[in-house]
């Protein structure tokens, strides 16, 4: 069980790890050892994910999901399989924590009377400056 929040836990059976060769420099091991981790988690068909968190996660991920509803996280920062696996798990947990937090409702506010007056006087001043720019002085010879 992977604990996301006190109320949300994900079964390890829902996560699928595959390992592949990592891009970039690696010395002698670069063409021999599969160190990059690929974490795959199906968001749409997860049994342990609460419905409200699932909806927020789907909105949060957007186009990062596959057509089947899989979230794919590729981790290749480190040179060992274990560290890359931990990195992918950490990033997965952070995504789910972000989706688990309930967004605050926005309170509608109105601008104060004084701020509206300041804005309008500034607009009038700016308009006056622009109108002065347009008129050309007449030259008398």
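A few notes on this one:
- Note on segment 47-57: among residues that are surrounded by fewer than 18 Cβ atoms within 10 Å (Cβ to Cβ) and within 17 Å of residue 14 (Cα to Cα), the one that is modelled with the lowest pLDDT is 47.
- Taken residue by residue, segment 7-24 has no member that is surrounded by fewer than 15 Cβ atoms within 10 Å (Cβ to Cβ), under 26 Å from residue 103 (Cα atoms), at pLDDT 80 or above and touching a helix residue (DSSP H, G or I) at 6+ places or on another chain (Cβ under 9 Å).
Yes/no per residue for (1) surrounded by fewer than 14 Cβ atoms within 10 Å (Cβ to Cβ); (2) in a helix (DSSP H, G or I); (3) at pLDDT below 85:
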{"residue": "79", "(1), (2), (3)": "no, no, yes"}
{"residue": "84", "(1), (2), (3)": "no, yes, no"}
{"residue": "89", "(1), (2), (3)": "no, yes, no"}
{"residue": "94", "(1), (2), (3)": "yes, yes, no"}
{"residue": "105", "(1), (2), (3)": "yes, no, no"}
{"residue": "110", "(1), (2), (3)": "yes, no, no"}
{"residue": "116", "(1), (2), (3)": "yes, yes, no"}
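- Of the criteria (1) within 19 Å of residue 83 (Cα to Cα); (2) at pLDDT 70 or above, which one residue 43 fails: (1)
- Meets criteria (over 16 Å from residue 89 (Cβ atoms) and touching a residue at least 12 places away in the same chain (Cβ under 8 Å)) for residue 39: no
- Residue within segment 65-72 that is assigned to a helix (DSSP H, G or I), surrounded by fewer than 18 Cβ atoms within 10 Å (Cβ to Cβ) and modelled with pLDDT under 80 present: no
The values are calculated or read from the model by the stated rules, or taken from the named source; none is laboratory data. Remember, predicted model here, so these are calculated numbers, not experimental data. Cβ atoms come from the backbone with ideal geometry, glycine included; neighbour counts cover every protein chain shown.
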